[in-house]
1. For the stretch 48-70, which positions are more than 15 Å from Val5 (Cα to Cα) and either in a loop (DSSP other than H, G, I, E, B) or touching a residue at least 60 places away in the same chain (Cβ under 8 Å) (or both)?
2. Among the residues that make up the stretch 86-94, is at least one of them under 16 Å from Leu159 (Cα atoms), in contact (Cβ under 8 Å) with a residue 24 or more places away in the chain and not small (Gly, Ala, Ser)?
3. For the stretch 29-47, name all the residues that are within 19 Å of Pro10 (Cβ to Cβ) and without any contact (Cβ under 8 Å) to a residue 40 or more places away in the chain.
4. State which residue is nearest to Gly59 (Cα to Cα) when the search covers only the stretch 1-33 and only residues that are touching a Gly at 6+ places or on another chain (Cβ under 7 Å) and in a loop (DSSP other than H, G, I, E, B).
5. If you scan the stretch 155-183, which residues turn out to be charged (D, E, K, R), more than 13 Å from the chain's Cα centre (by Cα) and either over 13 Å from Ser9 (Cα atoms) or surrounded by 20 or more Cβ atoms within 10 Å (Cβ to Cβ) (or both)?
6. With the condition kept exactly as written, say whether any residue in the stretch 139-150 is within 19 Å of the chain's Cα centre (by Cα) and at pLDDT below 95.
7. Report, by residue number, each residue of the stretch 71-91 that is under 16 Å from His20 (Cβ atoms) and part of a helix (DSSP H, G or I).
8. Would you mind stating whether Ser121 is at pLDDT 95 or above and surrounded by 18 or more Cβ atoms within 10 Å (Cβ to Cβ)?
Amino acid sequence: MKLYVTPTSPYGRLAIIAMHDKGLSERIKLVWTQTRQLDDPLLSVNPSGRLPFLLLGDGTGMEDTDLIVDYFDALAPPRTYGIPNGEEHWPFRRFEATARSLLDGGSVWAREIKRPSGEQSPGIIDHERRRAIRLAGYFETVIGEGVFNGDLNKPQLLLYCALDLERRIPDFGWRAGCPNLLKWFERLGNLPVIRASLPPGSA
């Protein structure tokens, strides 16, 4: 199998973390690529050109980070990335959705500041900056909840990859006002599967 990713995509990094966490790194080859290239070889196997993309041995494949993570989870039982039942079900899904909002909004912010200065939208940048800071403040108050402790799960992966966007967004200064969140972030960052997911050339 081949996992197509870019060095800057937080969604690609999330898939790579799951790959390592499930012990699949020997079965999957990482293909570092760039999007929006007219001669991108990825387009011959994935017409949408979206990443991450997992190319299977039979020539078929799948995009969408959630789908890929769920597939990795099924390849290496027991499953650890599912949604729990019982009383934990709705809090888990609520935190997952909110962490996804931070990741999605932060990704918009990161893409916008990458555009040429004359093409950037100050309104979009300001909107996403304020949203990201608000959400970081929210997670500072709930990071002690059970869903953010124990084995890795999707809410944790989404939140970690969202906060890690600070490497691409200099103005995303969430650390100073979020000591509890910072402690959690640094603890996860020291996990071997997290360290192994850093793209080439990253500090």
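The values are calculated or read from the model by the stated rules, or taken from the named source; none is laboratory data. Being a predicted model, the structure only gives us computed values, none of them experimental. Using ideal geometry, Cβ is built from the backbone for each residue, glycine included, and neighbour counts are taken over all protein chains shown.
1. Start the filter on the stretch 48-70 by keeping residues that are more than 15 Å from Val5 (Cα to Cα), which leaves 57-60, 70.
Of everything in the stretch 48-70, those that are more than 15 Å from Val5 (Cα to Cα) and either in a loop (DSSP other than H, G, I, E, B) or touching a residue at least 60 places away in the same chain (Cβ under 8 Å) (or both) turn out to be Gly57, Asp58, Gly59, Thr60.
2. The first filter runs over the stretch 86-94 and keeps only residues under 16 Å from Leu159 (Cα atoms), leaving 91-94.
Still in the running and in contact (Cβ under 8 Å) with a residue 24 or more places away in the chain: 91-92.
Filter again for not small (Gly, Ala, Ser), leaving 91-92.
Yes, the stretch 86-94 contains a residue that is under 16 Å from Leu159 (Cα atoms), in contact (Cβ under 8 Å) with a residue 24 or more places away in the chain and not small (Gly, Ala, Ser).
3. Once the filter is applied, which keeps residues that are within 19 Å of Pro10 (Cβ to Cβ) and without any contact (Cβ under 8 Å) to a residue 40 or more places away in the chain, the stretch 29-47 yields Leu30, Val31, Thr33, Gln34, Thr35, Arg36, Leu42.
4. Out of the qualifying residues, it is Met1.
5. Asp171, Arg175, Lys183
6. yes
7. Tyr71, Phe72, Asp73, Leu75 - these are the residues of the stretch 71-91 that are under 16 Å from His20 (Cβ atoms) and part of a helix (DSSP H, G or I).
8. Working: at pLDDT 95 or above: yes; surrounded by 18 or more Cβ atoms within 10 Å (Cβ to Cβ): no.
Considered against the rule, which asks whether it is at pLDDT 95 or above and surrounded by 18 or more Cβ atoms within 10 Å (Cβ to Cβ), Ser121 comes out as no.
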